[in-house]
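For reference, the structure discussed in these notes is given below.
The values are calculated or read from the model by the stated rules, or taken from the named source; none is laboratory data. The structure displayed is predicted, hence computed values, not measured ones. Reconstructed Cβ throughout: ideal geometry from the backbone, glycine too, with neighbour counts over all protein chains shown.
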């Protein structure tokens, strides 16, 4: 979602801020802006569209400053426009960039209008900058004005603030939205994501909820929610500046699809000794927590929710553990009842998904004793609020449409199934079999990637299509859902997924020669049932595309196309069968000329409700 970058240094920070914005483009945005203090004035430029447009404005009319803030906006309050773009400025004295949502903005706006403030935007953010400006009338400096202001704000925010009242001070605030401080040599930077600052530092401080940080060139002071001065640890990031480069690939998404064998290898590394899962690799008290589990509740959104759906089958079929799963945004408002001994598992690529964080907090209110986060970002809010964290180790995922994060989530969930299943009904022989399948995954995925050319040719049939239907059974129904989501996310083709057995309960009415039906057909116990469902489509003239296990013999039918997927054992087959569906969505999007890595209206990290 929205991205923040800011800095204070002895050099011109404008190039650093622009590069930081470019590195945050993957989050999704519709406008960009930048402000610096230049002498006694705040200079600001804003532009709708890409960061390059903002860069062009600055090249045409150069600006510089040793302190500044910048932002990429994803519209929530108010349409994408220059006037709604950040930074927002009040009376040429205060400038603010903001991620999050201020829930009481209407009340604040009405009060500020009575004080004579004029509003130039439709955003909730503008009330923040006017409130700080008003507080400066009586407060002793910018820091105290900000402290007074945040007490009046209801909702979530990450803020970067500069003011001509204190031109050598950068303020950063965090409540409910992520914000980090980059520690340089004689300089400090702030950002909503470490990726933005990797070219200038690999040393980071992760602000806690309620923190307010006052940054000067030679000093950093952090105040907690109770206004106590606190020390937050400096952590060294292992990411390199080139970790978010596309390399030789045309798009980040394609690069990340091809990174999946390595990503899964990294995810498994360190968790096994002699192919035996080591529970203490999940945390020193993991065994104690797993011993108390009587059931599992999974909470997630989007692609992560699909991973959880697959895991529900695994928990119940392999481990015989009761498992429920719910979309995080629904769980929070449903007045849920959690049984004693329920382990809450949250899944999020970023670890900052607002709905998932809120659902975790609700689960704790309902008495959940233990929570496990499955996440790709070690320092994220979700990880910090959980008892255990199982890291997916996928590396940076820049494409909005998740690929390697999804498959590494599945691999991590299977490890969790093994750990908890030991306490229930998972036989040693089955555990050994699953473990062997996990270690064979990278090689199997390498073979599946060799289908890229076939899938690219198949994609040509979708160039003029407006609708598609995906079918699957058992653990492959969520994979069909994920395939449909990928296609709609980046190609803008309307796609739905159904359990194949539901065809006759409605979707058959949609079948005709113009409706591609994509079916996932592994060689498992549900295959014969699936064949019957496929015949229902074929008999009605539907265009049937089947991704099938290479060991199966395809039926000879004129309106059925088969793509043979390398043989894979049943337990981890969902991970393998998702790969060709990712490739299909990618190639269709390329043919349709959409923005593959930054599809319209979507954001990578959804940090607002």
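Check whether at least one residue in segment 472-493 is modelled with pLDDT under 90, closer than 13 Å to residue 574 by Cα and part of a strand (DSSP E or B), and report yes or no. Yes: one or more hits. Taking the conditions exactly as written (more than 23 Å from residue 281 (Cβ to Cβ), out of contact with any helix residue (DSSP H, G or I) (no Cβ under 8 Å at 6 or more places or on another chain) and assigned to a loop (DSSP other than H, G, I, E, B)), does residue 367 satisfy them or not? So residue 367 passes the test. Looking across segment 112-124, just one residue is touching a helix residue (DSSP H, G or I) at 6+ places or on another chain (Cβ under 9 Å) and in a helix (DSSP H, G or I), and that is 112. Considering segment 208-324, the qualifying strands (runs of 3 or more DSSP E), each wholly inside and each with 2 or more residues that are at pLDDT 90 or above and over 30 Å from residue 368 (Cα atoms), run over 212-216, 219-223. Restricting the search to segment 453-471, which residues are part of a helix (DSSP H, G or I) and surrounded by fewer than 17 Cβ atoms within 10 Å (Cβ to Cβ)? 453, 454, 456, 457, 460, 461 - these are the residues of segment 453-471 that are part of a helix (DSSP H, G or I) and surrounded by fewer than 17 Cβ atoms within 10 Å (Cβ to Cβ).
In this structure, does residue 282 turn out to be surrounded by 20 or more Cβ atoms within 10 Å (Cβ to Cβ) and closer than 30 Å to residue 143 by Cα? Spelling it out, it is not the case that residue 282 is surrounded by 20 or more Cβ atoms within 10 Å (Cβ to Cβ) and closer than 30 Å to residue 143 by Cα. Considering each residue of segment 513-521 in turn, none proves to be modelled with pLDDT of 70 or more, surrounded by fewer than 17 Cβ atoms within 10 Å (Cβ to Cβ) and under 20 Å from residue 574 (Cα atoms).
The residue pairs whose first member lies in segment 161-185 and is on the phi > 0 side of the Ramachandran plot and modelled with pLDDT of 95 or more, whose second member is surrounded by fewer than 24 Cβ atoms within 10 Å (Cβ to Cβ) and not in a loop (DSSP other than H, G, I, E, B), and whose beta carbons are closer than 8 Å, counting only pairs six or more residues apart or on different chains, do not exist in this structure. When restricted to residues that are assigned to a strand (DSSP E or B) and surrounded by fewer than 24 Cβ atoms within 10 Å (Cβ to Cβ), segment 160-176 contains 2. Number of residues in segment 349-364 that are assigned to a loop (DSSP other than H, G, I, E, B) and either out of contact with any helix residue (DSSP H, G or I) (no Cβ under 6 Å at 6 or more places or on another chain) or more than 20 Å from residue 416 (Cα to Cα) (or both): the value is 3. Taking the criterion of being free of Cβ contacts under 8 Å to residues at least 12 places away in the same chain, at positive phi and more than 28 Å from the chain's Cα centre (by Cα), the only residue of segment 267-302 that qualifies is 274.
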